[in-house]
1. Of the residues that make up region 144-159, is at least one in contact with a strand residue (DSSP E or B) (Cβ under 6 Å, 6 or more places away or on another chain) and crowded, with 21+ Cβ neighbours inside 10 Å?
2. If you go through region 211-230, how many residues are farther than 24 Å from residue 16 by Cβ and surrounded by 13 or more Cβ atoms within 10 Å (Cβ to Cβ)?
3. In this structure, does residue 450 turn out to be within 29 Å of residue 208 (Cβ to Cβ), crowded, with 18+ Cβ neighbours inside 10 Å and in contact with a strand residue (DSSP E or B) (Cβ under 7 Å, 6 or more places away or on another chain)?
4. Looking for whichever is touching a helix residue (DSSP H, G or I) at 6+ places or on another chain (Cβ under 7 Å), surrounded by fewer than 19 Cβ atoms within 10 Å (Cβ to Cβ) and not assigned by TED's automatic domain parsing to the domain that holds residue 414 here; the options are 88, 84, 95. Which one fits?
5. Go through region 343-354 and count every residue that is surrounded by 15 or more Cβ atoms within 10 Å (Cβ to Cβ) and not in a loop (DSSP other than H, G, I, E, B).
6. If we scan region 24-46, do we find a residue that is crowded, with 20+ Cβ neighbours inside 10 Å and assigned to a helix (DSSP H, G or I)?
7. Could we say that residue 29 is free of Cβ contacts under 8 Å to residues at least 60 places away in the same chain and touching a strand residue (DSSP E or B) at 6+ places or on another chain (Cβ under 6 Å) here?
8. Residues 208, 233, 269, 241: which one is modelled with pLDDT under 95, in the same structural domain as residue 182 (by TED's automatic domain parsing) and surrounded by fewer than 17 Cβ atoms within 10 Å (Cβ to Cβ)?
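The values are calculated or read from the model by the stated rules, or taken from the named source; none is laboratory data. As the structure is a prediction and not an experimental result, all values here were calculated from the model. Glycine also receives a Cβ, built like all others from the backbone with ideal geometry; neighbour counts cover every protein chain displayed.
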């Protein structure tokens with residue numbers, strides 16, 4: 001692998017504020033190696049990737065970071081362009097700042113190594129961009145704006161942006177989160193091509209299924225320290241699968257959509273809480289859903305399935321009130337007649353989504369973030385009351401986040417912030433919970449605890465609507481299932497699945 005970059009960390013430590021996020025890290029990463037990076041939420045995985053990518057500096061006196069090519073030292077300026085990061089944090093950054101280039105321009109930024117194009121691409125750069133769009137199957141989307149893409153399309157476009165650089169190292173941070181099987185297969189093929197080209201990677205993962213094929217090494221972090229850096233063995237994959245409660249592949253149902261939800265006994269529906277009639281939904285002038293007729297009753301618990309781009313997130317945003325049906329369709333909410341300010345409905349409805357996690361870049365403490373759920377606001381407009389903080393502390397303690405109460409959202413790991421947003425949704429004691437991939441980014445222990453909590457909430461006269469890709473992310477007790485496909489919403493016939 002002559003000409004590729006090697007990386008060495010020697011007793012490196014990193015502190016953010018008063019907290020040590022990495023301690024005494026020593027690693028040698030050689031060209032052609034491919035590593036899985038595992039650890040619980042807050043272990044320091046993303047910080048380690050940022051350290052390797054030279055986006056985070058070692059704390060003075062906290063060790064050194066060395067780069068070499070072919071045995072010769074390389075300075076930071078030359079090493080940094082050889083490393084490409086892809087993950088939810090980068091995807092969220094484009095949404096947070098409303099950076100909205102076309103897909104073609106986004107891929108071009110990889111060559112300039114800037115978030116946005118600073119100049120028109122040269123003829124040679126244009127050739128490389130078009131070649132990468134073709135390799136990644138993105139040519140039909142080349143003129144679409146980035147923020148108009150589905151979650152999976154965005155992730156694929158960001159991977160194309162990284163690959164067009166021909167990096168020596170790919171840093172893939174929880175890269176498969178939120179991707180359906182089709183996009184997973186497309187990305188596996190692209191990573192197979194990267195493997196053949198001799199490129200290296202480090203991929204963070206909580207699930208065995210999220211470790212890319214071709215990965216041969218395992219780095220395990222805990223509390224900012226390296227517990228192990230060894231060869232990835234079958235036993236390690238099996239341990240990851242057990243921790244994540246993944247079913248063995250041999251026992252996966254032939255039709256996971258129908259096998260995911262099996263109501264026990266006869267379900268008795270309560271009063272209607274919400275109804276859609278002849279609802280068409282458009283997002284940024286693009287039709288997402290057509291002629292949806294659906295109702296939600298008290299005590300029902302719906303699982304919402306669909307591929308990336310099918311409209312699951314938009315459907316939940318419609319129910320929550322961030323989107324409205326097109327002219328001719330209606331949405332009725334029990335106890336909230338037409339003309340009622342939508343904020344009144346939102347204050348009685350808990351909502352969690354990846355987009356909400358993106359929005360929470362505001363400079364608030366974690367305790368105020370959770371308290372804001374009582375007002376359905378991003379941040380707080382007024383000083384929180386003692387009752388607001390009492391409810392917030394209760395849920396922070398429940399999610400083992402009370403010690404982070406004074407931190408800011410950007411000082412948390414992705415999984416910690418997801419737990420905080422679930423706490424925010426529960427702070428208002430909602431009757432309805434709308435949850436979009438609520439377990440994404442959670443480590444196995446937290447994922448299991450969350451499923452137990454959701455199962456308990458279903459017994460407390462709360463109504464849940466949960467959008468997922470992985471059926472195993474659903475708690476026990478779901479009563480109905482909705483499948484979104486080709487802009488249609490189809491209720492699955494559960495009786496034929498039992």
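1. yes
2. 6
3. So residue 450 fails the test.
4. Within the list 88, 84, 95, the selection yields 95.
5. Adding up the residues that qualify gives 7.
6. Looking through region 24-46, at least one residue is crowded, with 20+ Cβ neighbours inside 10 Å and assigned to a helix (DSSP H, G or I).
7. No, not satisfied.
8. 233
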